[in-house]
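A.B. asks: Quick one: the structure is below, and I'll ask about it shortly.
The values are calculated or read from the model by the stated rules, or taken from the named source; none is laboratory data. Values in this document were obtained by computation on a predicted structure and should not be read as measured data. With ideal geometry, Cβ positions are generated from the backbone for all residues, glycine too; neighbour counts draw on all protein chains shown.
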DNA sequence: CGCATCAACTTTCCGATGCAAAGTACGCCG
DNA sequence: CGGCGTACTTTGCATCGGAAAGTTGATGCG
């Protein structure tokens, strides 16, 4: 037991644990169909530059699949979660949930002394 | 109205939304009494250097209070949440919780693939 | 006493990163 | 033809997190 570290949260992968990317993944997870660049931009409130970059990171990590095509004559980039991406996202979420539980409990505990026990 | 961005999660403050710091804050929130440097190190699984740095950041941001004293002749640094720190932590947690809910729901939705694609 | 060791931090260094601003390419009015 | 808008990409920069090295002082040992 040289490593108790109950709050070390190793599962908070740096690729996922990032506002913009988290936002993107949530958007993608919520929509079974691929989403267009501009849709993601709107949904996540990102600038073009940042969206492009973060999508690149997610793709590199194998979390999303990006398809660059055309709609008529306009370029249209669409994006969807890969199965692995979905899996990792779910795993990450489990850790996040754990964090929230730990912390909420902790916050309650430290907030005032002994609280009335909820039923 | 120009900003729907339902997944933009503005509340994910960069100072709090960071593995090491999140870990520290959770530890601190869980313990009403101030914690010692070495305790935090153990609890969060951090190296000396990184702990020092992150504590500095948290202090600078007014989230924690650091007290440098002595226990006998050894230096003993202790640390506790400030009221503002606790408040911001709780607020951050609320956002996190929202993320988890959104995402869990999203993941469930996208999981089953029977999309209603009417020919 | 002198020296090596350990504990408790701090400081430095470096590659990676997020964000913003500028750049590119192309289709579409008028 | 020429400006405008959409759809992205690239570049630049300042910041950041993490590893390693440094500091200070107490303690054990021969």
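A.B. asks: Does segment A:1-23 hold any residues that are without any contact (Cβ under 8 Å) to a residue 40 or more places away in the chain, in contact with a helix residue (DSSP H, G or I) (Cβ under 7 Å, 6 or more places away or on another chain) and within 17 Å of residue B:95 (Cβ to Cβ), and which are they?
C.D. replies: Residues satisfying the conditions are A:20, A:21, A:22, A:23.
A.B. asks: Now for a separate question. Would you point out the residue of segment A:21-61, among those that are within 14 Å of DNA strand C (Cβ to nearest atom) and not in a helix (DSSP H, G or I), that is nearest to the other protein chains (Cβ to nearest Cβ)?
C.D. replies: Taking the candidates together, the pick is A:45.
A.B. asks: Further, regarding this structure: Does residue A:4 satisfy being outside any helix (DSSP H, G or I), at pLDDT below 95, away from DNA strand D (no atom under 14 Å from the Cβ) and under 23 Å from residue B:21 (Cα atoms)?
C.D. replies: The answer is yes for residue A:4.
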